[in-house]
Amino acid sequence: MNPEDALSASVAAPRGATEASKRLLPWLVAVAFFMESLDTTILNTAVPAISAALHVAALSMKAVLASYTLSLAVFIPISGWMADRFGTRRVFASAIGLFTLGSLLCGISTNIHVLVLCRVLQGCGGAMMVPVGRLTLVRTFAKSELLRAMSFVSIPALVAPMLGPIAGGLIVGYLHWRVIFFLNIPIGLIGLVMVYLHLPDYREEKTHPLDLVGLILFGAGVALLSYVLEIFGEHELSSREISGLMALSLALLAGYGVHARHTAYPLLELDLFKVRTFRAAVNGGFFTRLGIGGVPFLLPLLYQVGLGFTPIQSGLLIMPQALAAMSMKAFMPRMLARFGYRGVLISNTLLIGALLLVFATIGLGTPVWVIVLQAFIYGGFTSLQYTSMNTLVYADVSESQTSNASSIASTMQQMSISFGVAAAGLTTAFFIPGAAYSNPVEMIQGIHKALFVLGALTVGSTVVFWGLKRGDGDVVSNQKAIHPGG
């Protein structure tokens, strides 16, 4: 896409959007994102209570957690085609409806098999909410306005993982585990009403046939890879079986790559990776999350097992990250306009890596205010990182490519989260032997080493962003007057 096309796309009047819908749309998408993000973490705390209520071993609950992740991995890739074919309003409403219905059925489930099936239904809805919500934002707002909208809706993705464990613990402790699922029902019903009143309806006049072969190859490969990462580090399967499943998943994905090059309308348009800004945003986001994706897993261990804080206290120590994420929203446009995407992403990734190394200095003698300050600073820079990567994805993507771009970006993000948790689990298992869990000093030392490795991984991911050029993403950060040549 040349600069003239990019500029005209950025100022073109968006179709199907009123001023009221533009005001309410970010709130609506943010609530949907919050529901989907919260559901991935809130259930973890309730695993013991649910397993006891359903009379199954706690280990069997792994299927309840994994089924949701697998559904996301399989159905995210077709979200763009669904939106183009049936319209963003209908698909987004269906996604919220499926998620809400799945939540209700999960809440009334009386055995684990039914619960797993209902989690799959939830995952089908969740898989559509995030990419279709992003797609609607991209098609509603001019590219010069996209940064402010995206910075707002990215906050739930940061806040929900922090609130999830606390909310799950409070609900199980004072109410009932079924309330975890019932919470989504009133939110979902209100969301459905708001969708039909205010969500713009974008669709393509002509859509190509769905790539069923690609869906089977890619969906099976991603689902299998997600499953391997979900059970990585556990002893349910031998290392030979894990390696075999990993090889099979990579073979399926490689098969999709070959298929995509020889079909007219592939499920995911891999040619988008030829666009420099898209390639840097997606690949950079993937590798960055390898480092920072394990932080929500490691910090609670450090605070609770190492330092002796209660789960509630541990959650409160992480909460400043959410406050900083919301505070950073006001400064992001000016920072990107002043320094550009290349400057911000390179320097910010280095700072985040350095902050992970600073977390590796927290010990029994560290004052609480120092921990809170570190969490606040980390939350601000992480918010800037996520928003910058998420908006750069669409900088040089044409309107006809936005649905494919949204599907690819969401799929890679889901995979990077799984990889990040797996990386944290691997480093933790390597540095923290089982006996260390009863020894706070050994636990702290092991987590420090794991944080050091993840910090080094994060710093290394800056290599991807060095491929950007001065002026890349200016159409999003509204810098065209500053760097007209790009």
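The values are calculated or read from the model by the stated rules, or taken from the named source; none is laboratory data. Note that the coordinates shown come from a computational prediction; the quantities given were computed from them, not determined experimentally. Cβ: placed from backbone, ideal geometry, glycine included. Neighbour counts: every protein chain shown. Protein only, heavy atoms only, side chains kept; ligands, DNA and RNA dropped before computing areas. Shrake-Rupley method; radii C 1.70, N 1.55, O 1.52, S 1.80 Å.
Each peptide in 400-411, 366-377 was scored by the mean count of other Cβ atoms within 10 Å over its residues; highest first, the order is 400-411, 366-377. Among SER51, ALA405, CYS106, flag the residue with its Cα farthest along the positive direction of the charge dipole of the chain, charges on Cβ as +1 for Lys/Arg and -1 for Asp/Glu. Positive-most Cα among the choices belongs to ALA405. The simple spin-label model puts a point 7 Å past each Cα toward its Cβ; for VAL120 and ALA142 those points are separated by 4.7 nm. Applying 0.36 nm per residue to the separation of LEU373 and GLN313 and subtracting their alpha-carbon distance, the gain on full extension is 20.1 nm.
Counted residue by residue at 0.36 nm each, then reduced by the alpha carbon distance between them, the extension gain from ALA53 to ARG470 reaches 144.4 nm. Peptide packing: for 303-309, 128-134, the average count of neighbouring Cβ atoms within 10 Å per residue gives the ranking 128-134, 303-309, highest mean first. Lys-Lys pairs in the chain that are eight or more residues apart or on separate chains and whose Cα atoms lie under 30 Å of each other come to 16. Sparsely packed loop sites in segment 148-215 (the trypsin sites (Lys or Arg not before Pro) outside DSSP H, G, I, E and B with at most 14 other Cβ atoms within 10 Å) comprise LYS206.
Averaging 1/r across all pairs of distinct Cα atoms in segment 52-140 and inverting the result yields a Kirkwood radius of 13.6 Å. Within the chain, the percentage of alpha carbon pairs spaced more than 32 angstrom apart rounds to 39%.
Which FRET efficiency value, to the nearest 0.05, do you get for LEU426 and PHE86 by plugging their Cβ-Cβ distance into 1/(1 + (r/R0)^6) with R0 = 45 Å? About 0.65, to the nearest 0.05. With R₀ set to 35 Å, the beta-carbon distance separating GLU205 from TRP27 gives a calculated FRET efficiency near 0.75. Longest segment of the chain with no GluC sites (Glu not before Pro) in a DSSP loop having at most 13 other Cβ atoms within 10 Å? It works out to 237-486. Compared with the direct C-alpha span, the chain from LEU197 to LEU270 gains 22.8 nm at full extension, assuming 0.36 nm per residue. Isolated cysteines in the chain, defined as those with no second cysteine Cβ under 4.7 Å, comprise CYS124.
Taking all protein chains together, ARG85, ARG90 sort by accessible area into ARG90, ARG85, largest first [probe 1.4 Å].
Give the separation of the Cα centroids, segment 255-318 to segment 78-102, in Å. Using only Cα atoms to place each centre, the spacing works out to 24 Å.
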